[in-house]
Amino acid sequence: MDPIDILKVIGTAVLPISELRGAIPLAISTYHFDWYYAYLFGVIGNLLPVPFILLFFNTIIPFLSRVRFLDRLMQWYFAWTKRRSKTIERYGWLGLVIFVSIPLPVTGAWTGSILASLLGMKFKYAFSAAVVGVLIAGVIVTCATMLGWAIADVFTT
């Protein structure tokens, strides 16, 4: 395992769009990591932005809102995100875990942390839910990736 490849996997997991959904398959298929290293580095990368989002998101927003384009983009995103917050508002910690653990576009650690910030959740509460959700999502993505490769092997041999 090349350290540069590890950083690429962690970097992919840090990004808000790809997160684990991109990092784990990248690690396994492109860089040929063992599944447990792919999982480990994907989870580490996906969790890196969470404390920063939870601690500083509400502080940074007023500054970003001064730029008209960013303000319009953020208002749209916040409205869209708020509409999806019903599960979290209804089930609290478990709702946030479920939301973060579903490995689909616009769910995950980034959106879950932003939602927790917008809903005013306490740091420990939100961070622990994000960690559990990311761990579950990592298992789902790793299993799906490994299953996909196993099926591909059957059909190509």
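The values are calculated or read from the model by the stated rules, or taken from the named source; none is laboratory data. Because the structure is a prediction, the values reported are computed rather than measured. Ideal geometry is used to build each Cβ from the backbone, glycine not excepted, and the neighbour counts take in all protein chains shown.
Things to note:
- Flag for W149 being in a helix (DSSP H, G or I), at pLDDT below 95 and farther than 14 Å from F52 by Cα: yes
- Looking across the range 82-99, just one residue is of a type in the set (V, I, T), touching a Leu at 6+ places or on another chain (Cβ under 9 Å) and buried (at least 19 other Cβ atoms within 10 Å of the Cβ), and that is I88.
- Top-ranked residue of the range 123-157 - restricted to ones that are exposed (fewer than 11 other Cβ atoms within 10 Å of the Cβ) and among the β-branched types (V, I, T), ranked as nearest to L96 (Cα to Cα): I151
- Screening V132 against (1) on the phi < 0 side of the Ramachandran plot; (2) under 11 Å from the mean Cα position of the chain (by Cα) leaves a single unmet condition, (2).
- Residue list for the range 77-110, filter: modelled with pLDDT of 90 or more, touching a helix residue (DSSP H, G or I) at 6+ places or on another chain (Cβ under 6 Å) and outside any loop (DSSP other than H, G, I, E, B): W93, G95, L96, V97, F99, V100, S101, A109
- Taken over the range 55-91, residues that are in contact (Cβ under 8 Å) with a residue 24 or more places away in the chain and farther than 18 Å from I17 by Cβ amount to 6.
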